[in-house]
Amino acid sequence: RVVTISQDMTTDKVGSFLKEHGVTHLEPWLDKDNTASTQYGVNTLPASVLYDAQGREVWRFTGPREWGNADSAKLIGEAL
């Protein structure tokens with residue numbers, strides 16, 4: 001499952017961003033108080049973290065990344 005977490009104050013900004021980029025299958029989640037960031041040890045945004053079925057962290061990327069290319073698909077495929 002992919003979870004999008006934003007530190008914006010409302011879902012309007014996030015929802016607009018997702019819509020502009022043609023993303024229709026993700027729901028924006030808000031983390032106004034940075035609870036998720038603290039819990040998952042995220043200090044730099046954007047951040048992408050993959051966990052396995054047992055809840056163990058497989059890898060973590062900070063900063064922007066193009067997730068629609070072959071390299072990213074291979075990275076995800078290898079982890080699954």
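The values are calculated or read from the model by the stated rules, or taken from the named source; none is laboratory data. Bear in mind the structure is a predicted one, so any value in this text is a computation, not a measurement. Don't worry about glycine lacking a Cβ; one is built from the backbone with ideal geometry, like all the others, and counts go over all protein chains shown. The area values use the complete protein model at the heavy-atom level, side chains included, leaving out ligands, DNA and RNA. Shrake-Rupley method; radii C 1.70, N 1.55, O 1.52, S 1.80 Å.
For the chain, give the share of DSSP beta bridges that are antiparallel, in percent and rounded to the nearest 5; count only bridges with both residues there. Don't jump to the answer; show the numbers that get you there.
Working: 5 of 8 bridges.
Counting only bridges with both partners in the chain, antiparallel ones make up about 60 percent.
Round to a whole number: what % of the accessible area of the chain belongs to carbon and sulfur, probe 1.4 Å? Let's see the in-between values first.
On the way: 3290 of 6330 Å².
That share works out to 52 percent.
Cut-off under 20 Å on the C-alpha distance; same-chain residues fewer than 8 positions from Lys32 excluded. Which lysines are left, in chain and number order?
Result set, ordered by chain and number: Lys13.
Put a dot 7 Å past each Cα toward the Cβ at Asn34 and Leu50; how far apart are the dots in nm?
Distance between the two pseudo-spin positions: 2.8 nm.
Could you give the dipole magnitude of the chain about its Cα centre, charging the beta-carbon of Lys and Arg +1 and that of Asp and Glu -1, in debye to the nearest 20? Walk me through the numbers before you get to the answer.
Details: 8 positive and 11 negative charges, 15 e Å.
Around 80 debye, computed over the chain.
Can you list the residues, at least 5 places off or on another chain, whose amide H is less than 5 Å from the amide H of Thr4, using H built in the peptide plane?
Glu27, Trp29
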